[in-house]
Structures are given as structure tokens and as C-alpha cells.
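Peer 1: First the structure, which I've put down as C-alpha cells, then a few questions once you've had a look.
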Amino acid sequence: MPNFHPPSHRPRRNRASEAIRRATRQTRFDAGQLIHPLFVHAGKEDQPIDAMPGQTRWSLTGLVGEVKRGLAMGIDKVVLFPKIDDALKTPAAEEAHNPDGLIPEAVRRLKRDCAGVCVITDVALDPYNADGHDGLVSDAGVVLNDPTIDVLVRQALCHAEAGADIVAPSDMMDGRVGAIRAALDAAGHADIGIMAYTAKYASAFYGPFRGALDSAPRSGSDKPIPTDKTSYQMDPANAREALRQLALDEAQGADIVMVKPALPYLDILREFRSATNLPIAAYQVSGEYVMLKASAAAGAGDERAMVMEAMTSIFRSGADMVLTYYAHDIARWLKER
Ligand code: PBG
């Protein structure tokens, strides 16, 4: 057959074999770039989390086992989220900085029993706050900024004293990174890092997480409690504002900046990549996890292929590291490749 339309360029040459595809592949990642979020509670049982198939609310003993299994696969960074008993939740969230609380205890256990693990703790009040918000809520129903900073600082110090390697403020109050940095330094914790949730959006993809921790905004009192977090988390419509937050967190001493959620915010990751030399973390959140699980369960595609593609796109957009509930699966899939 005569060739009427010979292309002058043939990009397919570089896709012709796995050998050449391996050489031209732009984005690669390994287990060292994954951070595993783990749920912990004070009970003795490891409980399956209904809202997040395959995820568990760990007892302290179960947590140690899970972290050891991760270490054996090269997953050496975890971030801890506590489910706090209702009886311990108060409007001032005092339990957030109880040195004998669940998180300090978990940190001590991990640092004692799991050599080599980097323990990251979440700094925010929602699991401890009777009102379910990341900050203190006034009688008028306003999420207060500056009084909250004071509690967050105590919480960060409490985690540092317990042995946390990095604290991760996820609360989105103004000025908390600088305040935490100054307090850590003054207390002799200059070596402890801050992973700042810099561009954290008021996302509909956090639902399963709030179910796992029973940490959604709630109205247990006479106060008019805001039903969402839009007065402190960012509007999904905003990109320039993310760059403003980035500049602020950089100036206040963040060591790592984060974009959260990940997949619906790849453009923000890309913008961060060109705007900062700091390492960038992306959080593939609970709703993203469940979306992938549910579509795999519905037969929409192969779970492994869909997860690896989503992960590749997050790294391709500029992330240096990703927080993902799939960390153990991904480590296993990377080995099998
Ligand atoms: C709260 C916090 C949230 C997540 C991490 N820290 C929920 C929220 O902001 O309401 C969400 C993580 C996920 O959905 O996987 N400080």
C-alpha cells in the first residue's frame, strides 16, 4: 500500500519496547518517598474502619506490629492520627497536650520498639475538641485563631517531648508555623522538623477520615457550631492564595510544605514546584483512597494499575513525597515490578 502521509516525526519509536520505555520514563518513585498515615485508639483491639476498607484503627500493640511490617518493606515514615474517647473531648481540647495521652504514648512506643522509624504527629485540635473543629470555638461560634495557636504550641511541645521527629500542623490557623518553630527552638527542640499543611483545602474528600476518628464538626452544646471548616481551610477555587500560604509558611520556618488533597489539586503541586525549593508533600486523602477502592471493587479497573497511575501523576506534578493509605501495597507493587 502506498504511504500517502508519512509523518515527519515518530514519537512511537521511544515507546516501541519496554527496554526503551524504561530509559525514557520521566517519573519514578520509591518506598522512601511514601508516608503512611495510621489510626490509633486506646482500646486493646485492632478495629477495621468501615468507612475505609482495608484500614484499621490500631491498638498500641497493633500499631507497633504494623509499623514493623512497614519497615521491613522500606516504609520508614508514619503519621499518627488518634481516635479519642468522647469522655476526653472538651471545648478547650486539653487532652491534645496531655503528656500521658494516646499520641505521646504511641510515639514513645514506636521510638522504643521500631528502630529507624520517623514519627510524624498531627498538630490540630479536632480529635480532642468537643466541638470537632481544628481550633477553639467561641460562644458565638467563631473558630478562634490566636487562642488556638497557644494550644497548638503546647500540643507540638508535648509531641516533641515524647520523641516525635516531625510535627505536622494540619489546622490552618494563621501564624502557627512560626509560633511552633519558636517554641520548639526555645525548648531545646531545634532539631525537630515542621511539615506544614500549607495548602489544605476545605475538601469534600475528608469524609471517611472524619468517620474513622469520629472527628467531624458537631453540635453538642448551645453554641452555634460551624458545620464545615471553610473559615480556615482553603476554598477549592483558589490557586493564588495557595502561593500566599506557601510564602508565609516558608518565611515562618516550615521544613516541608504540603498540598492536600492530592489528585484534585495537581495544578497546585505544579505551582508549588516552581515557586519553592522546599520539599513538597502531597496527601492522598481518605476520599481519594475510598474512590480508588470503590472503583476497583466495582470492576472499573485494576486496583494496582489505577493506584500506581494516580501515584505517578502526583509525583509527576511535583511532589517529593506522598502521604498515602496505600503505602504498604505500593511498596509491595514496586518490589514486584
Ligand atoms: C484534621 C485532619 C483531617 C485530615 C487530616 N487531618 C480532616 C479535616 O481537616 O477535617 C484528613 C485526612 C484524610 O481525609 O485522609 N486536622
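Peer 1: For the stretch 120-139, name all the residues that are in contact with a helix residue (DSSP H, G or I) (Cβ under 9 Å, 6 or more places away or on another chain), outside any loop (DSSP other than H, G, I, E, B) and farther than 29 Å from Gly74 by Cα.
Peer 2: Asn129
Peer 1: Follow-up. I'd like to know if the stretch 279-301 contains one or more residues that are more than 14 Å from the ligand (Cβ to nearest atom), in contact with a strand residue (DSSP E or B) (Cβ under 8 Å, 6 or more places away or on another chain), part of a loop (DSSP other than H, G, I, E, B) and at pLDDT 95 or above. Walk me through how you get there before you give the answer.
Peer 2: Applying the first criterion (more than 14 Å from the ligand (Cβ to nearest atom)) to the stretch 279-301 yields 279-280, 294-301.
Restricting the remaining residues to those that are in contact with a strand residue (DSSP E or B) (Cβ under 8 Å, 6 or more places away or on another chain) gives 279-280.
Going one step further and asking which of them are part of a loop (DSSP other than H, G, I, E, B), we end up with 279.
Imposing the further condition that a residue be at pLDDT 95 or above reduces the set to 279.
Yes, some residue in the stretch 279-301 is more than 14 Å from the ligand (Cβ to nearest atom), in contact with a strand residue (DSSP E or B) (Cβ under 8 Å, 6 or more places away or on another chain), part of a loop (DSSP other than H, G, I, E, B) and at pLDDT 95 or above.
Peer 1: Give the residues of the stretch 180-208 that are in contact (Cβ under 8 Å) with a residue 60 or more places away in the chain and assigned to a helix (DSSP H, G or I), sorted by residue number.
Peer 2: Looking only at the stretch 180-208, we keep the residues that are in contact (Cβ under 8 Å) with a residue 60 or more places away in the chain, and these are 181, 193-201, 203-208.
Selection gives Arg181, Ala204, Phe205, Tyr206, Gly207, Pro208.
Peer 1: Identify all residues within the stretch 131-154 that are surrounded by 19 or more Cβ atoms within 10 Å (Cβ to Cβ) and closer than 27 Å to Asp222 by Cα; write none if there are none.
Peer 2: Within the stretch 131-154, Asp131, Gly132, His133, Asp134, Gly135, Leu136, Val137, Val143, Thr148, Ile149, Val151, Leu152 qualify.
Peer 1: Do you know which of the residues in the stretch 302-325 that are more than 16 Å from the ligand (Cβ to nearest atom), without any contact (Cβ under 8 Å) to a residue 40 or more places away in the chain and assigned to a helix (DSSP H, G or I) is nearest to Val78 (Cα to Cα)?
Peer 2: That would be Met308.
Peer 1: Next up: For the stretch 326-334, state whether one or more residues are within 12 Å of the ligand (Cβ to nearest atom) and either of a type outside the set (Gly, Ala, Ser) or surrounded by 21 or more Cβ atoms within 10 Å (Cβ to Cβ) (or both).
Peer 2: yes
Peer 1: Taking the stretch 113-147, which residues are among the hydroxyl-bearing types (Ser, Thr, Tyr) and within 28 Å of Gly32 (Cα to Cα)? Full working, then the answer.
Peer 2: Initial filter on the stretch 113-147 (among the hydroxyl-bearing types (Ser, Thr, Tyr)): 121, 128, 138.
Scanning the stretch 113-147 gives a single hit, Thr121.
Peer 1: Quick check on the stretch 242-278: of everything there that is among the small types (Gly, Ala, Ser) and surrounded by fewer than 22 Cβ atoms within 10 Å (Cβ to Cβ), which residue is farthest from the ligand (Cβ to nearest atom)?
Peer 2: This residue is Ser274.
Peer 1: If a residue has to be among the aromatic types (Phe, Trp, Tyr) and over 30 Å from the mean Cα position of the chain (by Cα) to count, how many in the stretch 3-43 make the cut?
Peer 2: Count: 1.
Peer 1: Here's something else I'd like to know. One residue is enough: does the stretch 12-21 have a residue meeting the conditions touching a residue at least 24 places away in the same chain (Cβ under 8 Å), away from the ligand (no atom under 16 Å from the Cβ) and exposed (fewer than 11 other Cβ atoms within 10 Å of the Cβ)?
Peer 2: Within the stretch 12-21 (the criterion being touching a residue at least 24 places away in the same chain (Cβ under 8 Å), away from the ligand (no atom under 16 Å from the Cβ) and exposed (fewer than 11 other Cβ atoms within 10 Å of the Cβ)), the answer is no, since none of the residues qualifies.
Peer 1: Tell me which residues, restricted to the stretch 24-82, are of a type in the set (Lys, Arg) and buried (at least 19 other Cβ atoms within 10 Å of the Cβ).
Peer 2: Arg57, Lys77, listed by residue number.
Peer 1: Of everything in the stretch 208-241, what is surrounded by fewer than 16 Cβ atoms within 10 Å (Cβ to Cβ), modelled with pLDDT of 95 or more and within 13 Å of the ligand (Cβ to nearest atom)? Give them in sequence order.
Peer 2: Thr230, Ser231
Peer 1: Return the residues of the stretch 152-170 that are more than 19 Å from Asp85 (Cβ to Cβ) and within 13 Å of the ligand (Cβ to nearest atom); say none if nothing qualifies.
Peer 2: Scanning the stretch 152-170 gives Leu152, Val167, Ala168, Pro169, Ser170.
Peer 1: State yes or no: is Tyr201 within 16 Å of the ligand (Cβ to nearest atom) and either within 21 Å of Cys158 (Cα to Cα) or in contact with a Cys (Cβ under 7 Å, 6 or more places away or on another chain) (or both)?
Peer 2: So Tyr201 fails the test.
The values are calculated or read from the model by the stated rules, or taken from the named source; none is laboratory data. Only a predicted model underlies this, so the values are computations on that prediction, with no experimental measurement involved. Quick reminder, even Gly has a Cβ in these numbers, built from the backbone with ideal geometry, and neighbours come from all protein chains shown.
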